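Where a number appears in this text, it was derived from the coordinates with a stated rule and is not lab data. Quick caveat, the model's predicted, so the values are computed rather than measured. Cβ atoms come from the backbone with ideal geometry, glycine included; neighbour counts cover every protein chain shown.
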Amino acid sequence: MLGLLLLLSRSEEAKNVELRGHTESVQAIAFSADGTQLVTGGIDRSVRVWLSSTEMGA
């Protein structure tokens, strides 16, 4: 599915997370140095900032 980013956890305590927001394929991802934010960039020419405490279920 275009625009869907699936984060898979290697830890048994953490859960997998689906992030929806882009309308086209995601081309780039980066975590902030402190791990509280994830930034994604897509072919749809948008940049999304995800906060780990809300969107990623932390």
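What the table below lists for this structure:
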| quantity | calculated |
| --- | --- |
| Proxy reagent accessibility, fewest Cβ within 10 Å first, across LEU51, LEU19 | LEU51, LEU19 |
| Which of ARG48, ARG20, ARG10 has the fewest Cβ neighbours within 10 Å, and the rest in rising order | ARG10, ARG20, ARG48 |
| Gyration tensor (alpha-carbon) shape descriptor, region 4-51, a/c threshold 1.5 | oblate |
| Exposure proxy ranking, count of Cβ atoms within 10 Å, fewest first, for GLU13, GLU18 | GLU13, GLU18 |
